[in-house]
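Asker: Sharing a structure, written as structure tokens. Questions coming.
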Amino acid sequence: MKFVPVRALLLGALLLCLLAAGCGYRFRGQGNSLPGGVHSVYIEMFVNRTTEPFLENRLTNAVTRRFARKREVEVAARRTGAEAILSGEITAYETEPISYDRNDKVTEYRSIMTVAVVLSRLDSGKTLWKGTLTWSEEYLADADKSVQDDRELAAEVQISDRLSDEILAHLLENF
């Protein structure tokens, strides 16, 4: 086994960092502004096109919280105080069994949500970004219906949180 000096390893790591910085690489969603140089956005209530109740509330709240944590983006309380409008709709939501026990009883489910999102300039109505995103979460089945419902609700919250992260990351990408 050949010994590699610590100095050579540090030099190699430094060179790798410089190369990554030089090529414009950055972590996903780490940009500083929304498309079109927008810094303030009004987030409309998402429209729920599914039969699953309250998804629009969970998703809109998650997106608002996520955007509010980003210092470079101001979440406007009213449309008139914003440069852009973020709107969207939940186009699909389903829960499907994904695993069974030897007696053919469901042991695990997957919930899947799909959203279509649009960021538009308030003054011109010009579309700055448009995309469709999907996320899923798995959860264990339970014979107790209330426990089963609680687990599905927890999955919906997780999906909403992850979709809000994905929406912001896609908006901040400048590739």
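Asker: Express in Å², to the nearest 10, the accessible area of SER33 obtained by rolling a 1.4 Å probe over the protein heavy atoms while all chains stay in place.
Answerer: 30
Asker: Check cross-link reach from LYS126 to the aspartates and glutamates: straight Cα distance under 17 Å, and skip same-chain residues fewer than eight apart.
Answerer: GLU44, GLU83
Asker: State in Å² the accessible area per residue of the stretch 29-173; use a 1.4 Å probe, count heavy atoms of protein chains only, and round to the nearest integer.
Answerer: 54
Asker: Here's a follow-up. Determine the share of the stretch 29-173's accessible area contributed by carbon and sulfur atoms, expressed in whole percent, with a 1.4 angstrom probe.
Answerer: Here it works out to 45 percent.
Asker: Something else: Work out from phi, with θ = phi - 60° and the Karplus expression 6.51 cos²θ - 1.76 cosθ + 1.60, the ³J(HN,Hα) of each residue of the stretch 125-140, listed in order in whole Hz, and give x for Gly and Pro.
Answerer: x, 5, 6, 9, 7, 8, x, 10, 10, 10, 9, 9, 9, 9, 8, 6
Asker: Any chance you could look up the accessible area of LYS130 with a 1.4 Å probe, heavy atoms only, rounded to 10 Å²?
Answerer: For LYS130, the solvent-accessible surface is approximately 150 Å².
Asker: Still on this model: Return the sequence-ordered ³J(HN,Hα) values of the stretch 59-64 in whole Hz as given by the Karplus equation 6.51 cos²θ - 1.76 cosθ + 1.60 applied to θ = phi - 60°, using x for Gly and Pro.
Answerer: Each residue of the stretch 59-64 in turn: 5, 4, 5, 5, 5, 4 Hz.
Asker: Once amide H atoms are placed 1.01 Å from N in the peptide plane, what residues at a sequence separation of 5 or more from GLU108, or on another chain, have their amide H within under 5 Å of its amide H?
Answerer: ILE98, SER99, ALA141
Asker: If you don't mind, there's one more thing I want to ask. Tell me which residues come under 5 Å, amide H to amide H, from ILE43 once H is placed; ignore anything under 5 positions away on its chain.
Answerer: Amide H neighbours of ILE43, under 5 Å, 5+ apart: ALA76, LEU86.
Asker: Under the Karplus relation 6.51 cos²θ - 1.76 cosθ + 1.60, θ = phi - 60°, what is the ordered set of whole-Hz ³J(HN,Hα) values for the stretch 155-164, x standing for Gly and Pro?
Answerer: Those phi angles translate into 5, 4, 5, 4, 4, 4, 5, 5, 5, 5 Hz.
The values are calculated or read from the model by the stated rules, or taken from the named source; none is laboratory data. These numbers were taken from a predicted model, which means no experiment stands behind them. Heavy atoms of the whole protein, side chains included, go into the accessibility calculation; ligands, DNA and RNA do not. Shrake-Rupley method; radii C 1.70, N 1.55, O 1.52, S 1.80 Å.
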